[in-house]
Amino acid sequence: PDKVFHIQIKDHKWILPKTPMVVNCGKPTLFNVTSGDLMYGFGLFRQDGTMVMQMQVNPGTPNDILWTFNHNGVFDLVSTEYSGPEQYNEEGKDLMKVEKLVEVVGCGNGGKK
């Protein structure tokens, strides 16, 4: 892969890389995700709310997805697996959502879709 991102999840919290997650268009990117306690989901969503991809993240097993993006954009990270009421705060906000986490750059003609 062109880039590899190691991500952990535990206690309903994402443990993310310290560097920005910038991905090159047309190049395979490996997301390695591990859970320290429960089953979670790893999903990337466009700004209009449509899903690009997702995988289940099982505790105690390898969880890798190799993905190639073909359009520029900014994507939100959301757990696609309900992991209990601790996933939400008192106002109902999803604590397992990270807005604008992944940015894809380098597609020709702006790569917009």
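Please name all residue pairs, on different chains or six or more residues apart, with Cβ atoms under 8 Å, provided the first residue is in region 85-109 and is on the phi > 0 side of the Ramachandran plot and open to solvent by less than 100 Å² (accessible area, probe 1.4 Å) and the second residue is at pLDDT 90 or above and assigned to a strand (DSSP E or B).
Within 8 Å, the pairs are 106/24.
Out of region 2-42, which residues are within 14 Å of residue 103 (Cβ to Cβ), in a strand (DSSP E or B) and open to solvent by 40 Å² or more (accessible area, probe 1.4 Å)?
3, 22, 24
Would you call residue 55 among the aliphatic types (A, V, I, L, M), surrounded by 14 or more Cβ atoms within 10 Å (Cβ to Cβ) and either under 18 Å from residue 19 (Cα atoms) or in contact with a strand residue (DSSP E or B) (Cβ under 8 Å, 6 or more places away or on another chain) (or both)?
The answer is yes for residue 55.
Among the listed residues 69, 31, identify the single one that is in contact with a helix residue (DSSP H, G or I) (Cβ under 9 Å, 6 or more places away or on another chain) and at negative phi.
Residue meeting the stated conditions: 69.
Of the residues 90, 103, which single one is part of a strand (DSSP E or B) and of a type in the set (D, E, K, R)?
Within the list 90, 103, the selection yields 103.
When the residues of region 72-84 are filtered to those that are at pLDDT below 95 and open to solvent by 40 Å² or more (accessible area, probe 1.4 Å), which remaining residue is farthest from the chain's Cα centre (by Cα)?
Filtering region 72-84 for residues that are at pLDDT below 95 and open to solvent by 40 Å² or more (accessible area, probe 1.4 Å), the one farthest from the chain's Cα centre (by Cα) comes out as 82.
Could you identify the single residue in 31, 75, 69, 5 that is within 23 Å of residue 93 (Cα to Cα) and not acidic (Asp, Glu)?
Every option except 75 fails the conditions.
Could you tell me which numbered condition residue 21 fails, if it satisfies all but one of (1) touching a Cys at 6+ places or on another chain (Cβ under 8 Å); (2) touching a residue at least 60 places away in the same chain (Cβ under 8 Å)?
Only one criterion is unmet by residue 21, namely (1).
The values are calculated or read from the model by the stated rules, or taken from the named source; none is laboratory data. As the structure is a prediction and not an experimental result, all values here were calculated from the model. No Cβ is skipped: glycine too gets one built from the backbone with ideal geometry, and neighbour counts run over all protein chains shown. These area figures cover heavy atoms from the full protein model, side chains too; ligands, DNA and RNA do not enter into them. Shrake-Rupley method; radii C 1.70, N 1.55, O 1.52, S 1.80 Å.
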